[in-house]
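A short write-up of the structure that comes next.
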Amino acid sequence: LLHTWSLSVEEQFYLFFPPLLLFLLKPGRGFAIIGIFLFAASSLIFSELAWRENQARNFFFSLSRIWEIFAGSIAALIVRRRGAQNNNFIAILGLAAIVFSIFAYDESIPFPSFYALVPVLGVLFIVLYANKETIAARVLSTKAFVGVGLISYSTYLWHQPLFAFARIKSASEPSHLQMSLLAICSLGLAYLSWRYIEIPFRNKAKVDRNKIFFTSLFC
């Protein structure tokens with residue numbers, strides 16, 4: 001249920017953030033950015049202190065994770081005001097930070113903690129400084145990356161159950177080959193989900209807001 005937990009953190013944010021933003025925007029956009037930054041900094045510091053007490057609890061605790069989403073909110077407010085900037089160096093640095101985190105971080109790295117700043121800042125650098133003219137944007141806009149991006153949400157939903165059941169059914173930790181095959185399988189299932197579930201549900205002629213609301217209410 002790891003992926004449903006992470007979705008719940010997002011849902012908590014969606015409930016909590018709008019009234020907070022309305023309150024912070026009254027004095028002005030600058031005040032809102034400073035206020036959100038202070039909330040994010042407090043959450044980050046909390047996560048760094050909390051992992052030293054109980055690393056597992058810290059991983060799942062919303063207050064330890066919310067700074068990551070707040071960071072994205074700050075970036076959104078900045079981009080909404082001035083747009084994405086053109087800075088090849090910072091954009092490539094952001095991309096490098098993400099790639100570094102993928103290959104350098106393992107289960108020995110306490111997460112979330114100050115270590116999480118590397119991938120999060122990497123994403124922020126891309127959002128803020130990788131406009132369409134930068135090398136990073138050109139790399140990320142290739143057909144392969146765009147294709148993975150289109151099915152990324154479905155992949156996210158599929159991969160975790162596949163990995164979890166593989167570990168449950170195996171007497172020992174599944175091999176890298178098994179996990180690689182499951183990763184490829186999750187991409188195939190994700191494409192089917194995207195094609196036959198996501199796209200039809202986005203068709204407002206077939207599925208309108210009322211149908212979604214009443215179906216959700218019934219479920």
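The values are calculated or read from the model by the stated rules, or taken from the named source; none is laboratory data. Note that the structure is a prediction, hence the values are computed from the model and not measured. Because the Cβ atoms are built from the backbone with ideal geometry, glycine has one as well, and the counts that use them run over all protein chains shown. In case anyone asks, the SASA skips ligands and DNA or RNA and just uses the protein heavy atoms, side chains included. Shrake-Rupley method; radii C 1.70, N 1.55, O 1.52, S 1.80 Å.
Among residues that are more than 22 Å from Leu1 (Cα to Cα), part of a helix (DSSP H, G or I) and open to solvent by 50 Å² or more (accessible area, probe 1.4 Å), Ala144 is included. Every condition in (1) modelled with pLDDT of 95 or more; (2) touching a His at 6+ places or on another chain (Cβ under 7 Å) holds for Ala96 except the one numbered (2). With respect to (1) within 19 Å of Ser113 (Cβ to Cβ); (2) without any contact (Cβ under 8 Å) to a residue 60 or more places away in the chain, the lone exception for Leu44 is condition (2). Residues considered: Ile109, Ile135, Ile197. Of these, the only one that is over 30 Å from Phe70 (Cβ atoms), among the β-branched types (Val, Ile, Thr) and out of contact with any Gly (no Cβ under 9 Å at 6 or more places or on another chain) is Ile197.
Of all residues in region 185-217, count the ones that are of a type outside the set (D, E, K, R) and loosely packed, with under 10 Cβ neighbours inside 10 Å. Spell out how you get there, then give the answer.
Here is the first cut: in region 185-217, the residues of a type outside the set (D, E, K, R) are 185-194, 196-197, 199-201, 203, 205, 207, 210, 212-217.
When the remaining residues are screened for being loosely packed, with under 10 Cβ neighbours inside 10 Å, the result is 203, 205, 210, 216-217.
So the count comes out to 5.
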